[in-house]
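The values are calculated or read from the model by the stated rules, or taken from the named source; none is laboratory data. Note that this is a predicted model, so its numbers are computed, not measured. Every residue, glycine among them, receives a Cβ derived from its backbone with ideal geometry; neighbour counts consider all protein chains shown. When the accessible area is computed, the model is the full protein with side chains, heavy atoms only, and any ligands, DNA or RNA have been set aside. Shrake-Rupley method; radii C 1.70, N 1.55, O 1.52, S 1.80 Å.
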Amino acid sequence: MNDRHFRYILEIAKEGSVTAAAQNLFISQPSLSNLLASVEEEIGAKIFDRSVVPMVPTYAGEKYLEAAKKVLGTMQELQSQIDDMQDSLTGQLHIGCGHESSFVIPAILPVLMERFPGIQFKLTEDHAPVLDELLLSGLLDVILYAAKTTHPNVVCMPLTKDEMLLLSPVDFIPKKTVSIKNRSFPGIDLTELADRPFVLMKKKHHLRVIQDLILRDVGYTPNIILETDHWLTCLRMAESGIAYTLLPNAKIEIDTHHIGKFSLMGDYYRQRYLCYRKNAYVSKALKEFISVVYSLLRQNTG
């Protein structure tokens with residue numbers, strides 16, 4: 001067994017399918033099937049139960065996957081230490097990102113790639129539980145989150161704090177607005193919107209938790225015409241005049257003149273975090289990444 005075997009079989013576990021994993025790995029399905037069969041023969045046990053779809057790990061498979069994560073995490077940390085001993089910013093930095101924070105990656109990575117050409121950046125986008133597991137096993141160096149993880153072995157550093165806004169079709173003119181101290185936009189009472197259409201995030205997203213909290217606090221039940229996995233869909237629906245929504249006021253996210261923007265009655269914010277393992281080795285590459293992220297997000301979110 002080698003690190004390639006570990007990585008390939010972890011990809012099968014993530015996808016629950018040899019075919020999907022092979023596509024992600026840019027290899028043929030028969031080649032990946034042969035590799036899996038070879039590893040199973042070597043350890044003397046089946047790693048996956050193929051009788052169900054998606055495939056799930058057997059008990060032996062769970063132990064194999066657990067060991068694979070530990071081995072790869074240890075190898076990754078060792079390589080970071082060696083790179084630092086050579087006093088060069090080289091190697092790999094494995095970044096995890098929740099779907100609600102993925103928009104910052106195009107703003108961050110070009111700067112990092114130009115400044116540190118010797119570092120190879122690898123990105124994993126997934127939901128919080130998956131990213132937590134990968135971080136704790138050492139397969140990720142750092143995560144950008146729109147929510148604070150409470151795991152005792154994870155350090156969470158606050159990045160930005162973005163005010164939640166009501167976004168409306170540009171032709172919406174409220175009956176009454178008020179001026180709110182230290183807010184960029186006029187305040188509005190949501191109950192004025194009556195039965196107007198809303199688009200919100202799906203229930204599984206942290207941003208939806210904040211949206212529901214706002215609506216519950218004001219006693220307003222919206223007419224929800226669509227629930228989505230992507231904040232950009234919410235933004236575009238408001239921009240096209242179809243629906244209203246609630247999103248954070250990050251300049252990097254909301255930069256359009258085709259929507260109305262209103263502050264809310266109350267202190268509602270979305271906090272963003274940068275997370276890494278407590279007591280883990282912090283490489284020079286990771287230190288530079290943290291520094292650049294802080295600098296860029298301060299510039300772009302004011």
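Annotation note: of 159, 93, 135, 144, the sole residue that is under 30 Å from residue 63 (Cβ atoms), within 15 Å of the chain's Cα centre (by Cα) and of a type in the set (A, V, I, L, M, F, W, C) is 135.
Within region 180-205, can you find the residues that are assigned to a helix (DSSP H, G or I), touching a helix residue (DSSP H, G or I) at 6+ places or on another chain (Cβ under 9 Å) and crowded, with 18+ Cβ neighbours inside 10 Å? Before the answer, list the steps.
We begin by selecting, within region 180-205, every residue assigned to a helix (DSSP H, G or I); these are 190-193.
If we keep only those that are touching a helix residue (DSSP H, G or I) at 6+ places or on another chain (Cβ under 9 Å) too, we end up with 190-191.
Within region 180-205, just 190 meets the criteria.
Is it fair to say residue 41 is more than 16 Å from residue 133 (Cβ to Cβ), in a helix (DSSP H, G or I) and without any contact (Cβ under 8 Å) to a residue 12 or more places away in the chain? Against the criterion (more than 16 Å from residue 133 (Cβ to Cβ), in a helix (DSSP H, G or I) and without any contact (Cβ under 8 Å) to a residue 12 or more places away in the chain), residue 41 qualifies.
Consider residue 3 carefully, then state whether it is acidic (Asp, Glu), at pLDDT below 85 and either exposed (fewer than 12 other Cβ atoms within 10 Å of the Cβ) or more than 18 Å from residue 135 (Cα to Cα) (or both). Spell out how you get there, then give the answer.
Details: acidic (Asp, Glu): yes; at pLDDT below 85: yes; either exposed (fewer than 12 other Cβ atoms within 10 Å of the Cβ) or more than 18 Å from residue 135 (Cα to Cα) (or both): no.
In short, no.
Against the criterion of being at pLDDT below 85 and of a type in the set (S, T, N, Q), residue 249 qualifies. Of the strands (runs of 3 or more DSSP E) entirely within region 73-167, those holding at least 2 residues that are modelled with pLDDT of 75 or more and open to solvent by less than 20 Å² (accessible area, probe 1.4 Å) occupy 91-97, 142-145.
Looking at 226, 246, 235 in this structure, which one is open to solvent by less than 40 Å² (accessible area, probe 1.4 Å) and assigned to a strand (DSSP E or B)? Full working, then the answer.
Details: 226 fails: open to solvent by less than 40 Å² (accessible area, probe 1.4 Å); 235 fails: assigned to a strand (DSSP E or B).
None of the other options fit; the residue is 246.
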